[in-house]
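Peer 1: Here it is: the structure, laid out below.
The values are calculated or read from the model by the stated rules, or taken from the named source; none is laboratory data. As the structure is a computational prediction, the values presented were derived from the model and not from experiment. Note that we place each Cβ from the backbone using ideal geometry, even for glycine, and neighbour counts take in every protein chain shown. Calculation scope for accessible area: heavy atoms of the full protein, side chains included, ligands and nucleic acids excluded. Shrake-Rupley method; radii C 1.70, N 1.55, O 1.52, S 1.80 Å.
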Amino acid sequence: MNSLWEQNINLPSFEPLDQEIKTDVLIIGGGMAGILCAYLLHQAGIAYVLAEAKTICSGVTKNTTAKITSQHGLIYNKLIRQFDLDRAKQYLDANQAALQKYRELCRNIDCGFEEKAAYVYSLHDRRKIEQELEALEKLGFHGEFCQNLPLPFSVAGAVRYPNQAQFHPLKFVSAIAKGLHIYEHTPVRELVGTTAVTEHGRITAEKIIVATHFPFLNKHGSYYLKLYQHRSYVIALENAPNVDGMYVDEAQKGMSFRNYENLLLVGGGDHRTGKKGGGWRELREFSRRCYPQAVEQYHWAAQDCMPLDQVPYIGPYSAGTSNLYVATGFHKWGMTTSMVSAMILRDLIQGKENAWAHVFSPSRTILRPQLAVNGLEAVVSLLTPTARRCPHMGCALKWNPEERTWDCPCHGSRFTEDGRLIDNPATGDLKQ
């Protein structure tokens with residue numbers, strides 16, 4: 001079940017830590033967010049190291065659909081109502097700046113970078129599309145209304161974002177990671193203040209960035225309440241149309257589309273981790289019905305951290321911690337948000353003000369409807385009698401027959417059939 005991006009790619013490799021070291025900044029986690037933090041700190045001349053438990057981009061990054069866009073569903077009308085116009089503008093400006101930074105970096109990197117329009121469509125509700133366009137106008141961004149899309153179904157309408165982008169994420173990482181100060185196979189077992197304890201040495205840092213997808217420290221920040229995880233599925237089809245753009249349904253369980261070279265990537269089948277969903281079966285049925293000549297070449301699944309209010313958590317880990325930072329809750333838009341995280345955290349590490357930091361603050365209110373849902377899921381799971389329990393916080397694990405894994409519906413940790421850890425926030429295998 002390897003993704004398209006893993007085919008014929010040679011990422012640089014790095015030695016594990018085998019000594020005690022000191023540095024200004026420790027980055028924990030070698031996915032796209034951690035790598036970009038390391039890259040921007042390297043460019044700024046700041047002493048840093050990155051510790052990755054396995055190998056770089058071996059976690060969720062390799063399973064992205066690799067869209068670089070400010071189009072994050074019908075988000076801007078919600079942000080204006082939920083926060084205010086200023087913070088909605090901060091969110092838009094941050095993502096547009098991230099897009100521009102990728103554009104600059106990719107000029108000299110062979111990573112399939114292509115500028116494409118991004119569309120968010122609604123199957124049945126034209127008014128939702130009109131409201132999003134009105135919100136974008138208030139923010140000074142000119143979106144366009146579309147109704148005829150090159151997709152095998154009709155829509156009530158869509159918002160078109162011009163000049164967005166897509167790329168090959170692992171080819172990009174392969175280029176920028178060379179020369180960075182990275183230790184692979186170096187899991188951080190414990191933090192004692194700003195000293196990280198690993199299996200073969202300690203890393204003493206002045207500041208720490210936790211970029212581990214789901215934060216692993218439970219005693220600060222309440223991320224076990226503020227986040228849940230969501231799985232989505234992708235098939236890559238040959239002999240399918242070129243849709244010439246990136247498309248996503250505004251509904252959470254809708255479908256997404258983009259091309260890469262001669263393949264059409266179709267995403268969907270979504271569900272909360274540990275719950276049931278359509279998975280690849282739903283996508284294959286759609287393909288047989290709508291693209292009968294297509295041939296499936298690859299299939300894979302992604303896992304995303306979902307925040308309470310659709311906005312990622314980027315900044316100080318909590319109000320009660322100092323010199324500890326986090327980047328998480330990317331809400332399915334990990335490529336653009338990884339760059340946003342790196343730019344914000346680079347500034348905060350240097351003591352500089354960042355114009356976008358306020359909207360992404362991890363210390364903002366948690367009083368959102370999703371909080372009650374997350375709490376209920378945790379209570380139900382904790383009270384469910386079963387032998388298989390997640391080592392993270394003791395929730396009952398659910399068997400996932402399609403992927404043959406044990407999945408946690410509370411916080412999204414996943415394990416192989418024989419109990420080996422796949423996805424965090426758990427930090428170890430199941431006890432046999």
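Peer 1: Only residues that are part of a strand (DSSP E or B), open to solvent by less than 10 Å² (accessible area, probe 1.4 Å) and over 30 Å from Leu264 (Cα atoms): list them for region 300-317, please.
Peer 2: Within region 300-317, Tyr313, Ile314, Gly315 qualify.
Peer 1: Could I ask something else about it? Check region 111-134 and report whether any residue there is under 30 Å from Ile349 (Cβ atoms) and of a type outside the set (D, E, K, R).
Peer 2: Yes: one or more hits.
Peer 1: Of the residues in region 412-430, how many are open to solvent by less than 10 Å² (accessible area, probe 1.4 Å) and either at pLDDT below 90 or assigned to a loop (DSSP other than H, G, I, E, B) (or both)?
Peer 2: 5
Peer 1: Could I ask something else about it? Among (1) more than 17 Å from Thr65 (Cβ to Cβ); (2) touching a residue at least 40 places away in the same chain (Cβ under 8 Å), there is one condition Glu261 misses while meeting the rest; what is its number?
Peer 2: Among (1) more than 17 Å from Thr65 (Cβ to Cβ); (2) touching a residue at least 40 places away in the same chain (Cβ under 8 Å), the lone unmet condition for Glu261 is (1).
Peer 1: Search region 209-265 for residues being over 16 Å from the mean Cα position of the chain (by Cα) and of a type in the set (D, E, K, R), and hand back the single one that is surrounded by the fewest Cβ atoms within 10 Å (Cβ to Cβ).
Peer 2: Applying the filter and picking the extreme gives Lys219.
Peer 1: Assess whether Gln297 counts as being touching a residue at least 24 places away in the same chain (Cβ under 8 Å), more than 18 Å from His72 (Cα to Cα) and touching a helix residue (DSSP H, G or I) at 6+ places or on another chain (Cβ under 9 Å).
Peer 2: Yes.
Peer 1: Inspect all residues belonging to region 318-340 and state whether any of them is open to solvent by less than 10 Å² (accessible area, probe 1.4 Å), over 29 Å from His220 (Cα atoms) and in contact (Cβ under 8 Å) with a residue 40 or more places away in the chain.
Peer 2: There is no residue in region 318-340 that is open to solvent by less than 10 Å² (accessible area, probe 1.4 Å), over 29 Å from His220 (Cα atoms) and in contact (Cβ under 8 Å) with a residue 40 or more places away in the chain.
Peer 1: Continuing with this model, one more query. May I ask you to verify whether Ala378 is surrounded by fewer than 21 Cβ atoms within 10 Å (Cβ to Cβ) and in contact (Cβ under 8 Å) with a residue 40 or more places away in the chain?
Peer 2: yes
Peer 1: Output the residues belonging to region 171-199 that are in contact with a Leu (Cβ under 6 Å, 6 or more places away or on another chain) and in a loop (DSSP other than H, G, I, E, B).
Peer 2: Passing the criteria: only Thr186.
Peer 1: Next up: State the number of residues belonging to region 200-211 that are more than 22 Å from Ile366 (Cβ to Cβ) and either of a type in the set (Asp, Glu) or in a loop (DSSP other than H, G, I, E, B) (or both).
Peer 2: 2
Peer 1: Which pairs turn up if I take residues in region 120-135 that are on the phi < 0 side of the Ramachandran plot and look for partners that are open to solvent by 10 Å² or more (accessible area, probe 1.4 Å) and part of a helix (DSSP H, G or I) with beta carbon separation below 7 Å, at least 6 apart in sequence or on another chain?
Peer 2: Ser122/Lys128; Gln131/Asn77; Glu132/Asn77; Ala135/Asn77; Ala135/Ile80
Peer 1: What do you reckon, is Trp406 outside any loop (DSSP other than H, G, I, E, B), closer than 30 Å to Asp429 by Cβ, open to solvent by 20 Å² or more (accessible area, probe 1.4 Å) and free of Cβ contacts under 8 Å to residues at least 12 places away in the same chain? So that I can check it myself, show each step before the final result.
Peer 2: Values: outside any loop (DSSP other than H, G, I, E, B): yes; closer than 30 Å to Asp429 by Cβ: yes; open to solvent by 20 Å² or more (accessible area, probe 1.4 Å): yes; free of Cβ contacts under 8 Å to residues at least 12 places away in the same chain: no.
For Trp406, the condition - outside any loop (DSSP other than H, G, I, E, B), closer than 30 Å to Asp429 by Cβ, open to solvent by 20 Å² or more (accessible area, probe 1.4 Å) and free of Cβ contacts under 8 Å to residues at least 12 places away in the same chain - is not met.
Peer 1: Quick one: how many residues across region 120-140 are part of a strand (DSSP E or B) and either surrounded by fewer than 24 Cβ atoms within 10 Å (Cβ to Cβ) or not hydroxyl-bearing (Ser, Thr, Tyr) (or both)?
Peer 2: Residues meeting the conditions: 2.
Peer 1: Just for region 141-152: of the residues that are assigned to a loop (DSSP other than H, G, I, E, B) and either closer than 17 Å to Arg127 by Cβ or touching a His at 6+ places or on another chain (Cβ under 6 Å) (or both), which one is modelled with the highest pLDDT?
Peer 2: Gly143
Peer 1: Moving on. Could you name every one of the helices (runs of 4 or more DSSP H) located completely within region 329-391 that has at least 3 residues being of a type in the set (A, V, I, L, M) and modelled with pLDDT of 95 or more?
Peer 2: Numbers: elements: 334-349, 357-360, 369-383.
Answer list for region 329-391: 334-349.
Peer 1: Determine the pairs where a residue that is more than 30 Å from Asn262 (Cα to Cα), located within region 5-19, has a partner that is among the hydrophobic types (A, V, I, L, M, F, W, C) with Cβ atoms under 6 Å apart, the partner being 6 or more residues away or on another chain.
Peer 2: Going by the 6 Å Cβ cut-off, the qualifying pairs are Phe14/Ile182.
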